[in-house]
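A short worksheet on the structure shown next.
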Amino acid sequence: MSLYIVSTPIGNLSDITLRAIEVLKTSDLILAEDTRVTNRLLNYYGVQKPLRAYHDHNKEKITPHLLEMLRDDKNVALVTDAGTPGIADPAFYLTRASIEENIKVIPIPGASAFLTALVASGLPTDRFIFENFLPNKSAKRKKILESMLSEPRTVIFYETPHRINKTLLAMKEVLEDTRIVIARELTKVHEEFLRGDAAFLLKHFEKHPPKGEMVVMFNVRIKNSETEQM
Ligand code: SAM
């Protein structure tokens with residue numbers, strides 16, 4: 001019948017809409033990236049529905065079966081480990097396949113880490129670009145950062161704690177005193193926003209080793225000044 005793209009919290013379990021819970025409770029099948037993560041959410045909200053893994057490693061194999069279910073009048077809800085499915089996760093594959101089969105795709109809006117981070121960053125929010133994760137290879141990462149030097153919009157990307165220092169070193173070289181905002185552990189107990197240029201943030205992480213999930217943002221028009229750090 002319909003494929004529901006259901007947004008779930010990015011940390012705080014209360015950040016879910018009433019409609020999302022209703023859709024999860026009335027679906028014939030829930031697809032999740034990591035079923036253990038999603039099970040915690042479903043238990044919290046008393047949702048008891050069949051749950052199946054849908055991730056990068058099995059998406060091609062199981063999509064034909066899912067399309068058959070959808071054609072067969074079943075409602076399927078697709079969720080991700082955190083936030084909005086399709087943003088830096090494999091949901092796009094099933095969404096596109098469903099549209100090609102004329103199956104109705106219904107989005108259920110909710111949290112997404114990049115938008116949550118942007119609105120409290122203090123950087124311009126009128127125009128922005130989302131770069132997902134930067135490439136793993138340091139040369140490619142640096143090249144992308146260099147291409148941003150003429151980018152007037154606020155740039156947002158996802159980063160991991162084990163790679164952030166390497167990325168900041170590249171940012172120090174390329175972006176110099178551009179203000180960088182790192183939003184860490186959004187909606188969780190240890191939520192924090194770090195603001196400063198790359199050199200300042202590198203020093204900060206020497207004292208407080210980087211932990212948790214993070215979003216990195218900057219706008220090349222906004223430079224840092226000592227007095228405005230943090
Ligand atoms: N679908 C998710 C969304 O809508 O934001 C993103 C999934 S992506 C695989 C995971 C990345 O999102 C993390 O590595 C981190 O960069 C970012 N992220 C997710 N939850 C976050 C949080 N609570 N605080 C900061 N960043 C978060």
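The values are calculated or read from the model by the stated rules, or taken from the named source; none is laboratory data. Nothing here was measured: the structure is a model prediction, and the numbers come from that model. Quick reminder, even Gly has a Cβ in these numbers, built from the backbone with ideal geometry, and neighbours come from all protein chains shown. Each accessible area value is taken on the protein alone, full model and side chains, heavy atoms only, with ligands, DNA and RNA left out. Shrake-Rupley method; radii C 1.70, N 1.55, O 1.52, S 1.80 Å.
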Label-to-label distance, nm, for residues given as Met69 and Glu173 (7 Å Cα→Cβ offset)
4.7 nm
Pop out the ³J(HN,Hα) list for the range 80-87 in order, Karplus 6.51 cos²θ - 1.76 cosθ + 1.60 with θ = phi - 60°, rounded to Hz; leave Gly and Pro as x.
10, 4, 7, x, 8, x, x, 9
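Quick one: of Lys104/Lys142; Lys59/Lys137; Lys59/Lys166; Lys25/Lys61, which pairs are farther than 29 Å apart, Cα to Cα?
On the way: Lys104/Lys142 41 Å; Lys59/Lys137 26 Å; Lys59/Lys166 32 Å; Lys25/Lys61 26 Å.
Checking Cα-Cα distances, Lys104/Lys142; Lys59/Lys166 exceed 29 Å.
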Tell me the angle of helix 59-71 to the major Cα principal axis of the chain, expressed in degrees between 0 and 90 and rounded to the nearest ten.
50 degrees
Solvent exposure of the range 122-230 as accessible area per residue, Å², 1.4 Å probe
55 Å²
Distance between the range 115-143 and the range 7-70 - C-alpha centres, whole angstrom
28 Å
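In whole percent, what relative contact order does the chain give with Cα contacts below 8 Å and a gap of six or more residues? Display every interim value, and only then the final one.
Values: 430 pairs, mean separation 47.7, N = 230.
Computed value for the chain: 21 percent relative contact order.
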Three semi-axes of the equivalent ellipsoid, the chain, Cα gyration tensor, whole Å, largest first
37, 19, 15
Phi angles of the range 158-174, converted by Karplus (6.51 cos²θ - 1.76 cosθ + 1.60, θ = phi - 60°) into ³J(HN,Hα) in whole Hz with x for Gly and Pro, give 8, 9, 10, x, 7, 10, 4, 5, 5, 5, 5, 4, 5, 5, 4, 5, 8
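Roll a 1.4 angstrom probe over the protein heavy atoms and tell me the percent of accessible area of the chain that is carbon or sulfur.
Details: 6210 of 12190 Å².
Carbon and sulfur: 51 percent of the exposed surface of the chain.
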Through the Karplus equation 6.51 cos²θ - 1.76 cosθ + 1.60, θ set to phi - 60°, convert the phi angles of the range 22-38 into ³J(HN,Hα) values in whole Hz; use x for Gly and Pro.
4, 5, 4, 5, 10, 7, 7, 8, 10, 9, 9, 5, 10, 5, 5, 5, 5
